[in-house]
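Notes for the one structure printed next.
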Amino acid sequence: MAPTEAPSSEEQIICAPESTPTTPPDLRFLHYNDVYHVDAGTAEPVGGIARFQTLANYYRNDERFKDQPKLLTFFSGDAFNPSLESSVTKGAHMVPILNEVGTDVACVGNHDLDFGVKQFRHLSSQCTFPWLLANVHDPALGEGVPLGNAKKTVMLEASNGIKVGVIGLAEREWLDTINSLPPDIIYKSASATAKELIPGLKEQGAEIIVAVSHQREPNDNKLAENTGGGLIDIVLGGHDHYYAHSLINGTQVLRSGTDFKQLSHIEVWRKADKKGWDFKITRRDIVSSIAQDPAAVVTVEKLTRKLREKLDKPVGYTAAPLDARFTTVRTMESNLGNFVCDLMRHYYSADCCIMASGTIRGDQIYPPGVLKLRDIVNCFPFEDPVVVMKVTGKAIWDALENGVSNYPALEGRFPQVSNIRFEVDYSQPPNSRIVSAVIGGEPLDDAREYVLATRGYMGRGKDGYTSLLIEEEGGQAKEIVTEENGVLISTILRQYFMSLKVLGKWKHWGRSMSRTFAKIQTDLQKTHTFVEPSSASPTASTHAAVEKLKLADEDDAPKTGGDEDGDSDSDTDEEDGADYDDSQPIAFNKRELEVLRRVMKKWWRVARLPGQPKLCDVLHEGEFAVNWTKAVAPRVEGRIKEVRKG
């Protein structure tokens, strides 16, 4: 369970041998897990890679450890997502971070696969250490081959010659939360896999066995119960976002916090009878009083500078104005709200979706045309991911009542919905305003359980959504996809827009992502049509850029060098998918200027009409031209209807 002590810069001894050893340790480990943000936060412990690196360097190089074995560093998964940074970089920004920490081995976490297996393979190939996942296999790669071509085990050798056998294990539960996995994935019991593989490690000379895992604490405890007493000496776990330690069946079970806010320094002595190991585990909190490592500060500055540059890259195109104004989304149905809720629902194959309108922060109309990455990140900046839960129809009814309870105040609780239509009478008192509600074309059934996609924020009962409170928080909602497993809205949007691209495609998209988003496109098109790209020739000023993008799109084979594709993972590639050279001013010919003026005139005219849904009319053929992507065209369709009983 999570500790209650206040964060401290001091070493905190979590466990130690019964009698204090008089000799230096035989082994030294450093452990961390579930890291997402490179910058420090504001609340203690502040975390941040610069201070974390200071402590890692201390335990690796300080004079105190001069005559002791060199540090072996273990990471238990989840680095490539979710964060606003990763919604921009697709996880690439974490590769140099993990390398510079000095990581020796890692376990694959569920969020490391959020951008698809192909992207994981691309990122892991740039890591200076192996990734392990022994009990999840992809038959498409061969019999018994781990997902993403991860390794099952690895043998590390300490500086004093002691061999450390390491196995990577995961739980079944988080596999069900990833919708972009290859088909026919084979899951094997973590305990059974350990019993199968560890004897081989010992035959190779392993004197101590470490399991790096990415599974919930109860599953790590179960693993220790089944494999303790001489098979696994210590389980270094991840997936839970708290610090915890226990000793089960002679096996140490440890998880070391989250997000660069904690780490564990582990000293290991061989027992006097040579039959096992004694452990001293020291916890460190990454608090603001710890000095920042200068080299890490430079790395963070470089990464954030490149993030800022990427934010201005085109990522998509809309053929309809996207209404994100507070006066719209917090009082009525919005085409942007409809689009995002539908995307959330189809991404997780849920029955319906409710999203508090405070999620949408743009407070503007995004006119027809190019959408930049900055637009997505600024409009959906929150870092609580999409969650999926089972709730009763009564809970959904109460959630809708809460959402409209403070109308006409511009409150963030106002609901945007998907696959839900409801009538509301604002003349009635709060919590008695919903007249009727329909889900999937059928009247809402109070007793029926529905699969609902929403934000983690709402699953914690925020903005008055107590009827959606999850069981862990004291509510009744049963979690299917938890906050730890969910994906950010900004990331889902980015992936969707990438799936629509015709030119400048993301090279490491992969077949599993294509299958997933082909289905999402098909489902979304039932409500929100997209417009096929124009076949018209680009202007002379853009011809060279388009031809380059076409050539890049023809070759999707893995390469060892930099990316040539439009949505690069390389630090040196400046292309990002537009059909123009964005280093030069955009020039329009006479016809293009004429079209732009006509479009903007039409848009401003209908935007001022009282008939708000007309704001979302889709531009017709000839009113725009884009040849590098399909254009989205979200619309309003009467999901929220105001009525009066009397």
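The values are calculated or read from the model by the stated rules, or taken from the named source; none is laboratory data. A quick note: this is a predicted structure, and the numbers were derived from the prediction, not measured. As a convention, Cβ positions derive from the backbone with ideal geometry for all residues, glycine included, and neighbour counts pool all protein chains shown.
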Could you list all residues from the stretch 316-372 that are of a type in the set (S, T, N, Q) and in a helix (DSSP H, G or I)?
Thr327, Thr328, Asn335, Asn338, Ser357, Thr359
Complete set of residues in the stretch 192-251 that are in a strand (DSSP E or B) and aromatic (Phe, Trp, Tyr)
Tyr243
Any residue that is assigned by TED's automatic domain parsing to the domain that holds Arg255, out of contact with any Phe, Trp or Tyr (no Cβ under 8 Å at 6 or more places or on another chain) and over 22 Å from Glu267 (Cα atoms) - is there at least one of those in the stretch 201-208?
yes
Name the single residue that is farthest from the chain's Cα centre (by Cα) among those in the stretch 156-180 being among the aliphatic types (A, V, I, L, M), in a strand (DSSP E or B) and closer than 28 Å to Arg511 by Cβ.
Leu169
Taking the options Asp398, Asp445, name whichever one is touching a helix residue (DSSP H, G or I) at 6+ places or on another chain (Cβ under 8 Å) and assigned to a loop (DSSP other than H, G, I, E, B).
Asp445
Out of Ser349, Ser334, I need the residue that is surrounded by fewer than 18 Cβ atoms within 10 Å (Cβ to Cβ), under 20 Å from Thr527 (Cα atoms) and touching a residue at least 40 places away in the same chain (Cβ under 8 Å). Which one?
Ser349
Is it true that some residue in the stretch 151-159 is at pLDDT 95 or above and closer than 26 Å to Glu483 by Cα?
no
Select from the stretch 381-418 the residues that are surrounded by 21 or more Cβ atoms within 10 Å (Cβ to Cβ) and under 25 Å from the mean Cα position of the chain (by Cα) and list them in ascending order.
Pro385, Val386, Val387, Val388, Met389, Val391, Arg413, Pro415, Gln416, Val417, Ser418
Looking only at the stretch 467-495, and only at residues there that are of a type in the set (A, V, I, L, M) and assigned to a loop (DSSP other than H, G, I, E, B), the one that is farthest from Ala356 (Cα to Cα):
Val487
List the number of the failed condition for Glu442; all other conditions in (1) surrounded by 20 or more Cβ atoms within 10 Å (Cβ to Cβ); (2) without any contact (Cβ under 8 Å) to a residue 40 or more places away in the chain hold.
(1)
Per the filter on the stretch 57-97, residues surrounded by fewer than 24 Cβ atoms within 10 Å (Cβ to Cβ) and in contact with a Cys (Cβ under 7 Å, 6 or more places away or on another chain) are Val95
What number of residues in the stretch 278-306 are surrounded by 18 or more Cβ atoms within 10 Å (Cβ to Cβ) and assigned to a helix (DSSP H, G or I)?
4
Taking the condition modelled with pLDDT under 95, out of contact with any Asp or Glu (no Cβ under 8 Å at 6 or more places or on another chain) and of a type outside the set (Val, Ile, Thr), does Gly205 pass?
no
Residue match in the stretch 66-80 (condition: among the charged types (D, E, K, R), in contact (Cβ under 8 Å) with a residue 60 or more places away in the chain and farther than 19 Å from His122 by Cα):
yes
Restricting the stretch 625-646 to residues that are touching a strand residue (DSSP E or B) at 6+ places or on another chain (Cβ under 9 Å), among the small types (Gly, Ala, Ser) and in a loop (DSSP other than H, G, I, E, B), the one surrounded by the most Cβ atoms within 10 Å (Cβ to Cβ) turns out to be Ala633
Given (1) closer than 23 Å to Phe517 by Cβ; (2) touching a residue at least 60 places away in the same chain (Cβ under 8 Å); (3) crowded, with 19+ Cβ neighbours inside 10 Å; (4) not hydroxyl-bearing (Ser, Thr, Tyr), index of the condition Leu175 fails:
(3)
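Looking at this structure, is Ser467 modelled with pLDDT of 95 or more, among the hydroxyl-bearing types (Ser, Thr, Tyr) and over 22 Å from Trp174 (Cβ atoms)?
Values: modelled with pLDDT of 95 or more: yes; among the hydroxyl-bearing types (Ser, Thr, Tyr): yes; over 22 Å from Trp174 (Cβ atoms): yes.
Yes, satisfied.
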Is it true that some residue in the stretch 496-514 is modelled with pLDDT of 80 or more, in a loop (DSSP other than H, G, I, E, B) and surrounded by fewer than 17 Cβ atoms within 10 Å (Cβ to Cβ)?
no
Residue satisfying condition, being farther than 30 Å from Asn338 by Cα and modelled with pLDDT under 95, within set Thr318, Thr282, Thr304:
Thr304
In the stretch 227-265, how many residues are more than 25 Å from the chain's Cα centre (by Cα) and closer than 15 Å to Ser213 by Cβ?
12
